[in-house]
Amino acid sequence: AKYNELLKQNELLFTLDLVKEKVLQAYKMTDETKMAIEIGNIIEICQATNNEHFIWFSQLLNNHFEGIIAHATYKISSGKIEGINQKIKTIRRHGYGYPDDEYFFLKVIDASRKKYIRNQRSHKIND
């Protein structure tokens, strides 16, 4: 009885772990049809829990279904774009308002360039 009570209390945690593993497996797939089946299974598992957070996640997966399964064919990430956007937001916050837009854009361009290191060593001394 104690074991069954423990399982019942941790049922959502077990489901969360299962969904996490299934999402990781799905993102490693290279076939769109197999990935679509796997994402469909994840959506069904989430809806079967009747938990508001799992239902929200299943709706999120359902709304972005085509884009998610496209990842199987086209392994494109938006990481660089998000990094640039974050850099722009940081520059804007640090400036507290620049005198004009041209100066702001110059600051963004300057921050996005590679940093110049004067007299960079070609190798380490301890090679």
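Collect the residues in region 35-59 that are open to solvent by 50 Å² or more (accessible area, probe 1.4 Å) and free of Cβ contacts under 8 Å to residues at least 24 places away in the same chain, keeping them in residue-number order.
Selection gives ILE37, ASN41, GLU44, GLN47, ALA48, ASN50, GLU52, HIS53, ILE55, TRP56, GLN59.
Scanning region 69-94 for residues that are of a type outside the set (Ser, Thr, Tyr), without any contact (Cβ under 8 Å) to a residue 40 or more places away in the chain, open to solvent by less than 70 Å² (accessible area, probe 1.4 Å) and under 21 Å from LEU24 (Cα atoms) returns ILE69, ALA70, GLY79. Here region 1-27 is the region considered, the condition is being of a type in the set (Lys, Arg) and at pLDDT 90 or above, and the residue that is surrounded by the fewest Cβ atoms within 10 Å (Cβ to Cβ) is LYS20.
The values are calculated or read from the model by the stated rules, or taken from the named source; none is laboratory data. On a predicted model such as this, the values are computed, not experimentally measured, just so you know. We place every Cβ from the backbone using ideal geometry, glycine too, and count neighbours over all the protein chains shown. Protein only, heavy atoms only, side chains kept; ligands, DNA and RNA dropped before computing areas. Shrake-Rupley method; radii C 1.70, N 1.55, O 1.52, S 1.80 Å.
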